[in-house]
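Take a look at the structure below.
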Amino acid sequence: MSDQWIFLNGEFVRKEDAKISVYDHGFLYGDGIFEGIRVYNGNIFRMKEHMDRLYESGKSILLNMPYNQEELSELVIKTVEKNGLRDAYIRLVVSRGVGDLGLDPYKCPSANVVIIVEPLAIFPKHLYDTGIDIVTVPTRRNRPDVLSPKVKSLNYLNNILVKIEAHLANVSEALMLNDQGYVAEGSADNVFIYKNGKLLTPPGYIGALEGITRNAIIDIANELGYKVSEEPFTRHDVYTAEEVFLTGTAAEVIAVVKVDGRVIGDGVPGEHTNYLLEKFRRKVIEEGEKVNLPDENLHVS
Ligand code: PMP
């Protein structure tokens, strides 16, 4: 029996007992929203930003949230405490709930709420030292006027196609462009380039999710006196950048050393990427919403 506890619609159940109906519209249609959040050293990083994004996503798709924001934040904290993990990834999913086989969300009387907490390493540790090779792929980012990237919905097919294309190219991650050919983002991460003393990341209107890690890096870079700009750029700008890196809750900050066969900078993680990663790692263990956990496995950095 696993010792992992899942929050499922008001109660904690063991992982193997955490089941929902095949009539759930999240399963049938991808009708729902989610967040990936991280707890570092017993502090939940930027919980309010994650909750704001979740509730804005819910409002946008008219999903009735069964808890208010404070209640759900409290439940996230309780789930982390119940699992006793100081360093973990939190997946919060709110689906439209159980309905019939038709699309109609009005036939789903109540949302399903799931909170999963578990250790996570998306990229093997050594890749943070070596950096990763990536490609750009044919799949384009959804147009913001078709499905807003601000809605972090369960409809991730767009991103999954990107991941498949990355695998087909024998790399672990890929960049997608928007419908006009500007660089949008990775399958589940944002992209930054450093060139001529400036740090650039695509603006939200390009079609990228305005990631919480991305915003934390923008804050850190501004505090450190970098020139930071949210502006559109092309593949050419990526190929000729001095440094490229990706950011995300799961990925954190990871250097990119090759894009479509073009070596970036010296082919190793650059000094600015390393510096920003170091500052980010310091920030995440220091700030955040405290959870109440025993001290015996206190994280020492
Ligand atoms: N873009 C997409 C498409 C994502 O799924 C994610 C992961 N949530 C990100 C960017 C990075 O966002 P964040 O830093 O908030 O995790």
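Looking across GLY181, GLY211, GLY204, one residue alone is within 11 Å of the ligand (Cβ to nearest atom) and either modelled with pLDDT of 95 or more or crowded, with 19+ Cβ neighbours inside 10 Å (or both). It is GLY211. I'd like to know if segment 163-172 contains one or more residues that are modelled with pLDDT under 95 and assigned by TED's automatic domain parsing to the domain that holds THR234. Yes.
Applying a threshold of 7 Å to beta carbon distances and a minimum spacing of six or more residues, or different chains, the list of pairs starting in segment 117-129 at a residue that is within 18 Å of LYS163 (Cα to Cα) and in contact (Cβ under 8 Å) with a residue 12 or more places away in the chain and ending at one that is part of a loop (DSSP other than H, G, I, E, B) and among the hydroxyl-bearing types (Ser, Thr, Tyr) reads PHE123/SER172. Residues of segment 211-254 that are without any contact (Cβ under 8 Å) to a residue 40 or more places away in the chain and either outside the structural domain of GLY131 (by TED's automatic domain parsing) or part of a helix (DSSP H, G or I) (or both): ARG214, ILE218, ASP219, ASN222, GLU223, HIS236, TYR239.
Quick grid of which residues meet (1) touching a residue at least 24 places away in the same chain (Cβ under 8 Å); (2) farther than 29 Å from THR213 by Cβ:
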position	(1), (2)
VAL13	no, yes
GLY26	yes, no
TYR29	yes, no
LEU54	yes, no
GLN69	no, no
GLU81	yes, no
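Candidates in segment 201-210 are the residues that are not in a helix (DSSP H, G or I) and not hydrophobic (A, V, I, L, M, F, W, C); of these, the one that is nearest to LEU277 (Cα to Cα) is THR201.
The values are calculated or read from the model by the stated rules, or taken from the named source; none is laboratory data. The structure presented is a predicted model; accordingly, all values stated were derived computationally and were not measured. We place every Cβ from the backbone using ideal geometry, glycine too, and count neighbours over all the protein chains shown.
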